[in-house]
Each structure stands twice: as structure tokens, then as C-alpha cells.
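Enquirer: Below you'll find the structure I mean.
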Amino acid sequence: TGRRWGKSEVSAIQALYYAVFRPKTRQGIVSVTLDHARLSFDVALMMCQRQPLLSALVDKVRETPFPLLRFKHGSEITVRTTAREGIYLRGHKFHRCIVDEADYLSERLINEILRMTLADVGGQLVLISTPRARRGLVYRELQRGLAGDPAVYAQQGATWENPNVDHGYIESLRD
């Protein structure tokens with residue numbers, strides 16, 4: 001989808017749902033920078049802190065060097081950066097890898113590093129981005145999903161279709 005649709009917030013809710021209902025699973029939220037990857041993590045953490053039922057499920061929260069949210073039944077959500085050619089991801093195993101701003105990562109990094117974090121369990125790769133180029137991996141995966149490939153869920157929506165933005169402001173930028 002376009003900008004300001006709430007992609008990072010939705011991925012936080014999805015990560016929490018997955019973690020709560022799938023014990024002993026591990027999810028990684030990754031992005032170009034640790035700061036950006038933390039966007040979804042911070043929403044998930046805030047929801048856990050504000051909701052007593054979720055809070056009761058939390059076992060441990062670690063902020064540094066890489067944020068971690070561990071639940072009492074063994075599920076984890078952790079944050080990593082793809083900096084330095086993905087060195088901070090090597091050796092890690094995830095059941096689900098959420099890649100925020102995926103179109104800013106190289107196709108090689110996604111295919112050779114991120115997909116391999118899922119190889120042990122045949123995990124799920126979630127690519128979240130506003131596609132930048134019509135020839136990139138994110139765009140091609142979007143097209144697969146829109147064409148009906150059952151292995152790919154695709155969602156789209158242009159920024160100017162977003163009901164949560166100031167349409168006058170967006171139109172002024174468009175001109």
C-alpha cells in the first residue's frame with residue numbers, strides 16, 4: 001500500500017496474534033535500520049503494556065542490544081537490522097520474518113539471508129513496503145498475489161485512497 005496506511009502497525013498486531021496463538025515460535029522484525037524495525041516492535045510492546053491480558057502473557061522484555069519480547073509460553077518477537085549485509089541475522093532461525101520497507105533491501109539480501117532464517121521450519125516471509133520499482137522483488141511478489149497465487153497474500157491501496165490522510169495536502173504534493 002501507499003504511504004501512511006499503517007503497514008507497520010498492522011504488522012505489529014499480526015506479530016502479537018501469531019506469538020500468542022503459536023507457542024514456542026520466534027519472529028523477527030527486520031528493516032534497513034534498527035530504528036525502523038522498532039516501529040512495529042514498539043507498537044506491539046505498547047499493546048502488551050496497555051492490555052492486562054497481554055501483559056499477563058509477557059515473560060521478558062529486553063531493549064538492547066536488539067529488542068526482544070518473550071512470552072511465558074516460549075514465543076518471541078525480536079528486532080534486527082539488515083545493516084552490514086545482514087550480519088546480525090546470520091545464524092538466527094525464525095518461524096516468521098517481517099521485513100518492513102522491504103523494497104529498500106537488495107533482492108540478494110532477501111533471498112540469501114532472510115529466506116534462510118526461515119529454512120529450518122519453512123517459515124513465513126512477510127514483505128511490507130510501498131513498491132518503488134515495477135521490476136523489483138516486492139512488485140513481482142505483489143503481482144503473484146494479485147494473480148491468485150495461493151502462496152502469496154497481496155494487499156494494495158494508493159496513498160490518495162487512504163481515508164486517514166489529509167487529502168488536500170496529498171493533492172498539493174501531487175501537483
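Enquirer: Consider Tyr139 carefully, then state whether it is modelled with pLDDT of 85 or more and among the hydroxyl-bearing types (Ser, Thr, Tyr).
Expert: In short, no.
Enquirer: A further question on this structure: Got a number for residues in the range 6-23 being of a type in the set (Ser, Thr, Tyr) and surrounded by fewer than 19 Cβ atoms within 10 Å (Cβ to Cβ)? Steps first, please.
Expert: Taking the range 6-23 and keeping what is of a type in the set (Ser, Thr, Tyr), we get 8, 11, 17-18.
In the following step, the residues that additionally are surrounded by fewer than 19 Cβ atoms within 10 Å (Cβ to Cβ) were identified as 17-18.
Selection size over the range 6-23: 2.
Enquirer: So Ala119 clears everything in (1) under 16 Å from the mean Cα position of the chain (by Cα); (2) open to solvent by less than 80 Å² (accessible area, probe 1.4 Å); (3) of a type outside the set (Ser, Thr, Tyr) except one condition, right? Which one?
Expert: (1)
Enquirer: Right, something else. Within the range 44-72, how many residues turn out to be free of Cβ contacts under 8 Å to residues at least 12 places away in the same chain and of a type outside the set (Gly, Ala, Ser)?
Expert: Residues in the range 44-72 being free of Cβ contacts under 8 Å to residues at least 12 places away in the same chain and of a type outside the set (Gly, Ala, Ser): 12 in total.
Enquirer: Among the residues of the range 74-84, write down those that are out of contact with any Lys or Arg (no Cβ under 7 Å at 6 or more places or on another chain), in contact (Cβ under 8 Å) with a residue 24 or more places away in the chain and farther than 15 Å from Ala12 by Cα.
Expert: Answer for the range 74-84, where residues must be out of contact with any Lys or Arg (no Cβ under 7 Å at 6 or more places or on another chain), in contact (Cβ under 8 Å) with a residue 24 or more places away in the chain and farther than 15 Å from Ala12 by Cα: Thr81, Thr82, Ala83.
Enquirer: A further question follows. I'm checking my understanding of the structure. Among residues of the range 122-157 that are under 24 Å from Arg84 (Cα atoms) and of a type in the set (S, T, N, Q), which one is least open to solvent (accessible area, probe 1.4 Å)?
Expert: Once the filter is applied, the top-ranked residue is Ser129.
Enquirer: Please go through the range 29-41 and give me each residue that is surrounded by fewer than 20 Cβ atoms within 10 Å (Cβ to Cβ) and not aliphatic (A, V, I, L, M), ordered by number.
Expert: If the condition is that a residue be surrounded by fewer than 20 Cβ atoms within 10 Å (Cβ to Cβ) and not aliphatic (A, V, I, L, M), then Thr33, Asp35, His36 are the ones that fit.
Here is a yes/no grid of residues against (1) part of a loop (DSSP other than H, G, I, E, B); (2) among the polar types (S, T, N, Q); (3) closer than 21 Å to Tyr88 by Cα:
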position	(1), (2), (3)
Tyr18	no, no, no
Ile29	no, no, yes
His36	no, no, yes
Val43	no, no, no
Met47	no, no, no
Leu54	no, no, no
Asp59	no, no, no
Pro65	yes, no, yes
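Enquirer: List pairs: first in the range 140-156 and farther than 22 Å from Ser106 by Cα, second open to solvent by 100 Å² or more (accessible area, probe 1.4 Å) and part of a loop (DSSP other than H, G, I, E, B), Cβ under 8 Å, 6+ apart or cross-chain?
Expert: These pairs meet every condition: Leu146/Gln156.
Enquirer: Output the residues belonging to the range 2-51 that are touching a Cys at 6+ places or on another chain (Cβ under 9 Å) and either aliphatic (A, V, I, L, M) or farther than 12 Å from Ile77 by Cα (or both).
Expert: Let us first name the residues in the range 2-51 that are touching a Cys at 6+ places or on another chain (Cβ under 9 Å), namely 16, 27-30.
Leu16, Ile29, Val30 - these are the residues of the range 2-51 that are touching a Cys at 6+ places or on another chain (Cβ under 9 Å) and either aliphatic (A, V, I, L, M) or farther than 12 Å from Ile77 by Cα (or both).
Enquirer: Kindly indicate the residue of the range 158-167 that is assigned to a loop (DSSP other than H, G, I, E, B) and touching a residue at least 60 places away in the same chain (Cβ under 8 Å) and also least open to solvent (accessible area, probe 1.4 Å) among those meeting that condition.
Expert: Filtering the range 158-167 for residues that are assigned to a loop (DSSP other than H, G, I, E, B) and touching a residue at least 60 places away in the same chain (Cβ under 8 Å), the one least open to solvent (accessible area, probe 1.4 Å) comes out as Asn162.
Enquirer: Could you check the range 93-116 and list, in sequence order, the residues that are crowded, with 19+ Cβ neighbours inside 10 Å and basic (Lys, Arg)?
Expert: Passing the criteria: only Arg96.
Enquirer: Another one. Which residue, of Arg3, Arg70, Arg26, is farther than 22 Å from Asn164 by Cα and open to solvent by 60 Å² or more (accessible area, probe 1.4 Å)?
Expert: Answer to the check: Arg70.
The values are calculated or read from the model by the stated rules, or taken from the named source; none is laboratory data. Nothing here was measured: the structure is a model prediction, and the numbers come from that model. Heads up, the Cβs are rebuilt from the backbone with ideal geometry, glycines too, and the neighbour counts pull from every protein chain shown. Remember, those area values only see protein heavy atoms, side chains included, never the ligands or the DNA or RNA. Shrake-Rupley method; radii C 1.70, N 1.55, O 1.52, S 1.80 Å.
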